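J.: One structure coming up, written as structure tokens, with questions to follow.
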Amino acid sequence: MAKTLTKPLSQLSTELDNTRDQISQPPLVTGGKTFGNITEIVARVAEHPSAPKAWYVAFAGAVMLFGLLFAMLAYLISTGVGVWGVNTPVAWGFAIVNFVFWIGIGHAGTLISAILYLFRQKWRTGINRFAEAMTIFAVFAAGIFPLVHVGRVWVVYWIFPIPNQQQLWPQFRSPLLWDVFAITTYLLTSLLFWYMGMVPDLATFRDRAKTKVRKIVYGLFALGWRGSNRQWIHYEKAYLLLAALATPLVLSVHSVVSFDFATSQLPGWHTTIFPPYFVAGAIFGGFAMVVFLAVPARELFGLKNLITLQHFDHMNKIIMATGMIVGYAYAMEFFIAWYGGNPLETFTFENRATGPYAWAYWIMVTCNVFIPQVFWFKKARTNLWVMWIVSVFVNIGMWFERFVIVVSSLSRDFLPSSWDYYTPTWVDLCTLAGSFGLFFFFFLLFCRYMPIVAIAEVKGVLPEAHPGHGAHAAAEAKA
Amino acid sequence: MSQTEAKTMTIEEPTEGRKLLGYLLEFDNVDDLTHGAEKVRDAGYSNWDCHTPFPVHGLDHAMGAKPSHVQWIVLACGFTGLLTGLFIQWWMNAVVHQGNVVTGYQYFISGKPFWSVPANIPVMFELTILFSAFASFFGMLGVNRLPQYNHFTMYSERFGQVTDDKFFISISSEDPKFDVGKTRDMLSGLKGTYLEVLED
Amino acid sequence: MNGKQPLFPKWVDDVTRLIAILFAGGLLYLVTLTLYATSPRNTAVGYMPGQPIPYSHKLHVNELGLDCRYCHTGVETGAKANIPPTQTCMNCHNTIHNQSPKLEPLFESYRTGKAVEWIRVHDLPDFVFFDHSIHVNKGVGCVECHGRVDKMETVYQSQPLNMGWCLECHRNPTPRLRPKDKVTDLRPIEEVLGIKTESGIMDACSELAKEYQVNPKVNCSTCHR
């Protein structure tokens, strides 16, 4: 099945479809791997003197786009927000669309790490590190937009409550300020969670390092970790607590982002369904991004036995489920617009589906609701090409969802004389492309130099990791 | 498996004139380590530890190690965060303090009250999480006394494999029960594969 | 056994501890720095640029008894207090010290018609709309913002003039008031009123606040329009 994709770097083993024909619990790690094998598979990616060719191609592209982002931001800051397409009545344009899009992408990482951890879903171990890194870089990409859209970037620290000569403070009744706190907390907590999970794996890299520089760099970041059980006790408790803290956090962040819209009085924004709808959409888009990145990464870096088809099967089920929640929200918005009987609300939604932005609306519905329906079929859920293409569509669809929410509502405000059609400028488009550059720049560096799979955690889900397994196996063999 | 196979252990001898830091016994599987840990625990040592590439469940009991109390640090800090969130919003937006360098600023927004707890809940919540998250990470580091870049186990050539697929028991020479001969005899009775003498 | 030394020698741990302490101390230092060291109370107060002519307010106000309004004519009626034109100076200096080399830039200005380039001391940011007339007509004395100009050989900034400082008075204007006819009197309020007790002064000021209907606003658009 996966043979059609590019030839993998790893020649370690062939792929085993562990999603079918199981009598009991399927193995999370395929290919009969030992502890040493797992270390080898993950560490080899970072230790290999050269990366796969595709990595260099992708990295060159990411660097160029990242450079484009810098150029666009420099142009924006030196010239002013007039270089963007925003104007009355669409005063929130691409910046907010991109911000919500990237923050949404950032949700899958913490969801996989924290919520699945609390639910004891052990299959998370293969993909959690990966998804956490994705979260952090997505939040980086998201964070740029609110910073630059304020206009005067150099005084952006005013959004934080810092004692100042003006004796002024931020206004705490504004959801925009809640956003500042939610995003900052989310970024810092995700960073801690990511780094803390990585400490034992960095120690692995330190102990395997051959050059002095690598030894010292990995060694410093490994904090002198020595696998001590007395330390593992505190470590595991702290990790559990972080997971328990990150779970309500991840649900709160996109709820707070949705408050930016929901607490306003604009038809199309002023709805109580927004927080759960945004959270479901964020998980939906985030998981699609994980699949989008994991499919090529496991091929390139030979991680097939750690990120297995079973992982993808699970993730695709989540994508379909959350996609249908999002579809339900779309339908419910229309129902309430009709049932509520508010003419402004009714008009807004009629306009959404049939007005000047109908094309965006139907792209959104097609990509988010119709296309993921292929995941009803197991063949589709375990076919790498199918899931990869669906994940691309879902990402496009989720971007358009934010576009539809922001632009179609604003372009038809209460005063028909000010109605207008919003068109992004080339700066808007290049900034969006550049934000992908930033994301992939960091992500590719991470893939190349960091432990992309949680080595210690994967070892912990192997059957040999539990005391008594030997005796148990021996007894079974006798019987 | 491990129980049935006969193990041979390589045992090193201490060198004359060098400072003895402790012993390090290597195991190649979890079961032998767990049984070994039980023996060391019963022998009454205190300054000793097990080292594993991943957390091994049941080893805490085998070592007689106490459960973690990091959660109290986290709870305290989380509560501090909650109160901080409440207090700063009251201080900054709800009241003005005459004659202070650091005073509040009452914004009059759409006729809303200056002090209204529901509007302050999101920030209180986020600060609770933020403070608790910092507490659990830095609390863990503090309790574990990390970062500690120099430790007597790192004087070993073999110890690097602890982050790969080997398991170790280390006993520090600073342990009150430590005795060059007796400790070595005790360790050589376990199902380890290599007994290393750590010296500076 | 084989004499392997750890990757990091012992001193690394000492350095780590030191860095942790420095970091915590640095945070404290940063807070102190932002709160006190960069406060305009320390950075802006005392600004005393040299002027093209060594004009002494002390001499003209204190010894000769000029009223502020003799030169700063706009203070009661306009936003700006006005820097006097050369002609105002020449009212007297036509005949007094009319040969003084120190006043040469003044005579030069008078001959050529080009203004003397005084250097502004009290300069608010351009986004602040400050109006002198409203303050003066509500009984806020010159001295509240400009200090004892009558004792200054060279004028300097005696107050921080930052927004927080403005707000202090806007929130609690009463103690800064004095009778309208004593606005340009730079002496302390107790000397002006001739009242000794603090409660007596407060009563008098409260009376003035009522009489002048002093009710300053603290919303943004009061000053930022």
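J.: Please enumerate the residues belonging to the stretch A:159-186 that are of a type in the set (S, T, N, Q) and under 15 Å from A:F145 (Cβ atoms).
T.: Restricting attention to the stretch A:159-186, the residues satisfying the condition of being of a type in the set (S, T, N, Q) are A:164-167, A:171, A:174, A:184-185.
Within the stretch A:159-186, just A:T184 meets the criteria.
J.: What tally of residues in the stretch C:160-194 results from selecting those that are small (G, A, S) and closer than 27 Å to C:V218 by Cβ?
T.: Let us first name the residues in the stretch C:160-194 that are small (G, A, S), namely C:164, C:194.
Checking the rest, the ones that are also closer than 27 Å to C:V218 by Cβ come to C:164.
The total comes to 1.
J.: Moving on to the next point. Is there a residue being in a helix (DSSP H, G or I) and within 14 Å of another protein chain (Cβ to nearest Cβ) anywhere in the stretch A:304-316? Explain how you work it out, then say what you get.
T.: First pass over the stretch A:304-316, keeping only residues in a helix (DSSP H, G or I): A:309-316.
Applying the additional criterion that residues be within 14 Å of another protein chain (Cβ to nearest Cβ) yields none.
Checked against the condition, which is being in a helix (DSSP H, G or I) and within 14 Å of another protein chain (Cβ to nearest Cβ), the stretch A:304-316 yields no hits at all.
J.: Of all residues being assigned to a loop (DSSP other than H, G, I, E, B) and of a type in the set (S, T, Y) in the stretch C:184-225, which is farthest from C:G164 (Cα to Cα)? Just the residue, please.
T.: It comes out as C:T197.
J.: Separate question: So which of C:A115, C:A79 is surrounded by fewer than 12 Cβ atoms within 10 Å (Cβ to Cβ), over 16 Å from the mean Cα position of the chain (by Cα) and either within 26 Å of C:T43 (Cβ to Cβ) or in contact (Cβ under 8 Å) with a residue 24 or more places away in the chain (or both)? I'd like the intermediate steps shown before the answer.
T.: Details: C:A79 fails: surrounded by fewer than 12 Cβ atoms within 10 Å (Cβ to Cβ).
Testing whether each residue is surrounded by fewer than 12 Cβ atoms within 10 Å (Cβ to Cβ), over 16 Å from the mean Cα position of the chain (by Cα) and either within 26 Å of C:T43 (Cβ to Cβ) or in contact (Cβ under 8 Å) with a residue 24 or more places away in the chain (or both) leaves just C:A115.
J.: Sticking with this one: Would a scan of the stretch C:149-169 turn up a residue that is surrounded by 13 or more Cβ atoms within 10 Å (Cβ to Cβ), of a type outside the set (K, R), away from every other protein chain (no Cβ under 14 Å) and part of a helix (DSSP H, G or I)? Break it down into steps so the answer makes sense when it comes.
T.: Filtering the stretch C:149-169 down to residues surrounded by 13 or more Cβ atoms within 10 Å (Cβ to Cβ) leaves C:149-150, C:152, C:154-169.
Now narrow it down to the ones that are of a type outside the set (K, R): C:149-150, C:152, C:154-169.
Now drop any that are not away from every other protein chain (no Cβ under 14 Å), which leaves C:149-150, C:152, C:154-158.
Filter once more, so that each one left must be part of a helix (DSSP H, G or I): C:149-150.
Yes: one or more hits.
J.: What do you reckon, is A:V253 among the β-branched types (V, I, T), facing chain B (nearest Cβ under 9 Å), crowded, with 21+ Cβ neighbours inside 10 Å and under 15 Å from the mean Cα position of the chain (by Cα)? Break it down stepwise before answering.
T.: On the way: among the β-branched types (V, I, T): yes; facing chain B (nearest Cβ under 9 Å): yes; crowded, with 21+ Cβ neighbours inside 10 Å: yes; under 15 Å from the mean Cα position of the chain (by Cα): yes.
Yes: the conditions hold for A:V253.
J.: Same structure again: Considering only the stretch A:372-473, give the helices (runs of 4 or more DSSP H) lying wholly within it that have at least 3 residues that are charged (D, E, K, R) and either at pLDDT below 95 or over 30 Å from B:D28 (Cβ atoms) (or both). Can you show your working first?
T.: On the way: elements: A:378-381, A:384-403, A:426-449, A:455-460.
Counting at least 3 such residues, we get A:378-381.
J.: Mind checking which residues of the stretch A:136-177 are over 18 Å from A:L432 (Cα atoms), touching a helix residue (DSSP H, G or I) at 6+ places or on another chain (Cβ under 8 Å), more than 14 Å from chain C (Cβ to nearest Cβ) and without any contact (Cβ under 8 Å) to a residue 40 or more places away in the chain?
T.: From the stretch A:136-177, those over 18 Å from A:L432 (Cα atoms) are A:152-177; that's our starting set.
Now restrict to residues that are touching a helix residue (DSSP H, G or I) at 6+ places or on another chain (Cβ under 8 Å): A:153, A:156, A:159-173, A:175-177.
Now restrict to residues that are more than 14 Å from chain C (Cβ to nearest Cβ): A:153, A:156, A:159, A:172-173, A:175-177.
Listed by number, the residues that qualify are A:V156, A:I159, A:F172, A:R173, A:L177.
J.: In the list A:T30, A:T34, which residue meets the criterion of being within 30 Å of B:V30 (Cα to Cα) and either crowded, with 19+ Cβ neighbours inside 10 Å or in contact with a strand residue (DSSP E or B) (Cβ under 8 Å, 6 or more places away or on another chain) (or both)? Steps first, answer last, please.
T.: Values: A:T34 fails: either crowded, with 19+ Cβ neighbours inside 10 Å or in contact with a strand residue (DSSP E or B) (Cβ under 8 Å, 6 or more places away or on another chain) (or both).
Selected residue: A:T30, the only one of A:T30, A:T34 that is within 30 Å of B:V30 (Cα to Cα) and either crowded, with 19+ Cβ neighbours inside 10 Å or in contact with a strand residue (DSSP E or B) (Cβ under 8 Å, 6 or more places away or on another chain) (or both).
J.: Oh, and also: Tell me which residues, restricted to the stretch C:29-56, are more than 12 Å from the chain's Cα centre (by Cα) and closer than 30 Å to C:H93 by Cα.
T.: Selection gives C:P49, C:G50, C:Q51, C:P52, C:I53, C:P54, C:Y55, C:S56.
Residue-wise test of (1) in a helix (DSSP H, G or I); (2) farther than 26 Å from C:V149 by Cα.
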position	(1), (2)
C:A24	yes, yes
C:Q51	no, no
C:P54	no, no
C:Q87	yes, no
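J.: Just give me the residues in the stretch C:57-76 being more than 19 Å from the chain's Cα centre (by Cα), surrounded by 14 or more Cβ atoms within 10 Å (Cβ to Cβ) and in a loop (DSSP other than H, G, I, E, B), in sequence order.
T.: Listed by number, the list holds a single entry, C:L66.
J.: Is there a residue being in contact (Cβ under 8 Å) with a residue 40 or more places away in the chain and more than 7 Å from chain A (Cβ to nearest Cβ) anywhere in the stretch B:108-124?
T.: Here is the first cut: in the stretch B:108-124, the residues in contact (Cβ under 8 Å) with a residue 40 or more places away in the chain are B:124.
Subset that is more than 7 Å from chain A (Cβ to nearest Cβ): B:124.
Yes, the stretch B:108-124 has at least one match.
J.: Are there helices (runs of 4 or more DSSP H) fully within the stretch A:22-129 with at least 3 residues that are over 25 Å from A:L192 (Cα atoms), among the hydrophobic types (A, V, I, L, M, F, W, C) and without any contact (Cβ under 8 Å) to a residue 12 or more places away in the chain? List them.
T.: Values: elements: A:35-47, A:53-79, A:94-105, A:107-110.
Ranges flagged: A:53-79.
J.: Still on this structure, I have one more. Scan the stretch B:121-136 residue by residue and report those that are surrounded by fewer than 24 Cβ atoms within 10 Å (Cβ to Cβ) and under 21 Å from the mean Cα position of the chain (by Cα).
T.: B:F131, B:F134
J.: So, in the stretch C:89-99, how many residues would count as being part of a helix (DSSP H, G or I) and either hydroxyl-bearing (S, T, Y) or surrounded by 15 or more Cβ atoms within 10 Å (Cβ to Cβ) (or both)? Steps first, please.
T.: Step one: list which residues in the stretch C:89-99 are part of a helix (DSSP H, G or I), which gives C:89-93.
Checking the rest, the ones that are also either hydroxyl-bearing (S, T, Y) or surrounded by 15 or more Cβ atoms within 10 Å (Cβ to Cβ) (or both) come to C:89-90, C:93.
Residues in the stretch C:89-99 being part of a helix (DSSP H, G or I) and either hydroxyl-bearing (S, T, Y) or surrounded by 15 or more Cβ atoms within 10 Å (Cβ to Cβ) (or both): 3 in total.
J.: Name the residues in the stretch C:175-211 that are within 14 Å of chain B (Cβ to nearest Cβ) and surrounded by 17 or more Cβ atoms within 10 Å (Cβ to Cβ), would you?
T.: Within the stretch C:175-211, C:R176 is the sole residue that qualifies.
J.: Answer yes or no as to whether B:N150 is within 10 Å of chain A (Cβ to nearest Cβ) and without any contact (Cβ under 8 Å) to a residue 12 or more places away in the chain. Step through it out loud before you land on a result.
T.: Numbers: within 10 Å of chain A (Cβ to nearest Cβ): yes; without any contact (Cβ under 8 Å) to a residue 12 or more places away in the chain: yes.
So B:N150 fits the description; yes.
J.: If only one of C:V128, C:V121, C:V143, C:V214 is within 14 Å of chain A (Cβ to nearest Cβ) and either among the aromatic types (F, W, Y) or in contact (Cβ under 8 Å) with a residue 40 or more places away in the chain (or both), which one is it? Please lay out each step first, then the result.
T.: Working: C:V121 fails: within 14 Å of chain A (Cβ to nearest Cβ); C:V143 fails: within 14 Å of chain A (Cβ to nearest Cβ); C:V214 fails: within 14 Å of chain A (Cβ to nearest Cβ).
Unique residue meeting the criteria: C:V128.
J.: List, please: which pairs have Cβ atoms under 8 Å, are six or more places apart or on different chains, and start with a residue in the stretch C:31-49 that is outside any helix (DSSP H, G or I) and end with one that is exposed (fewer than 13 other Cβ atoms within 10 Å of the Cβ)?
T.: Within 8 Å, the pairs are C:P49/C:I119.
J.: Okay, moving on. Out of the stretch A:193-237, which residues are among the polar types (S, T, N, Q) and at the interface with chain B (Cβ under 7 Å from one of its Cβ atoms)?
T.: So in the stretch A:193-237, the residues among the polar types (S, T, N, Q) come out as A:204, A:211, A:228-229, A:231.
The answer is A:T204, A:S228, A:N229, A:Q231.
J.: Looking only at the stretch B:46-64, filter to residues that are surrounded by fewer than 20 Cβ atoms within 10 Å (Cβ to Cβ) and modelled with pLDDT of 90 or more; which one of those is nearest to A:H466 (Cα to Cα)?
T.: B:H61
J.: Something else: Out of the stretch A:22-71, which residues are touching a Gly at 6+ places or on another chain (Cβ under 9 Å) and away from chain B (no Cβ under 14 Å)? Spell out how you get there, then give the answer.
T.: Taking the stretch A:22-71 first, the residues touching a Gly at 6+ places or on another chain (Cβ under 9 Å) are A:28-29, A:37, A:41, A:44-45, A:61-71.
Hits for the stretch A:22-71 are A:V45, A:G61, A:A62, A:V63, A:M64, A:L65, A:F66, A:G67, A:L68, A:L69, A:F70, A:A71.
J.: If I filter the stretch B:41-55 for residues that are in contact with a helix residue (DSSP H, G or I) (Cβ under 7 Å, 6 or more places away or on another chain), touching a residue at least 40 places away in the same chain (Cβ under 8 Å), away from chain A (no Cβ under 13 Å) and among the small types (G, A, S), do I get at least one hit? Lay out the reasoning, then the answer.
T.: Taking the stretch B:41-55 and keeping what is in contact with a helix residue (DSSP H, G or I) (Cβ under 7 Å, 6 or more places away or on another chain), we get B:41, B:43, B:48-55.
Of the ones still in play, those that are also touching a residue at least 40 places away in the same chain (Cβ under 8 Å) are B:43, B:48-53.
If we keep only those that are away from chain A (no Cβ under 13 Å) as well, we get B:43.
Adding the requirement that they be among the small types (G, A, S) leaves B:43.
Checking the stretch B:41-55: at least one residue is in contact with a helix residue (DSSP H, G or I) (Cβ under 7 Å, 6 or more places away or on another chain), touching a residue at least 40 places away in the same chain (Cβ under 8 Å), away from chain A (no Cβ under 13 Å) and among the small types (G, A, S).
J.: Okay, next question. Listed residues B:G181, B:G139, B:G160; which is at the interface with chain A (Cβ under 7 Å from one of its Cβ atoms), in a helix (DSSP H, G or I) and surrounded by fewer than 19 Cβ atoms within 10 Å (Cβ to Cβ)? So that I can check it myself, show each step before the final result.
T.: Numbers: B:G181 fails: at the interface with chain A (Cβ under 7 Å from one of its Cβ atoms); B:G139 fails: surrounded by fewer than 19 Cβ atoms within 10 Å (Cβ to Cβ).
Unique residue meeting the criteria: B:G160.
J.: Only residues in the stretch A:422-438 that are closer than 13 Å to A:G67 by Cβ count as the first member; pair them with residues that are buried (at least 18 other Cβ atoms within 10 Å of the Cβ) and small (G, A, S), Cβ under 7 angstrom, at least 6 apart or cross-chain, and list the lot.
T.: Short answer, once both residue conditions are applied: A:S435/A:A141; A:G437/A:A62; A:L438/A:A141.
The values are calculated or read from the model by the stated rules, or taken from the named source; none is laboratory data. Being a predicted model, the structure only gives us computed values, none of them experimental. Virtual Cβ from ideal backbone geometry, glycine too; neighbours counted across all protein chains shown.
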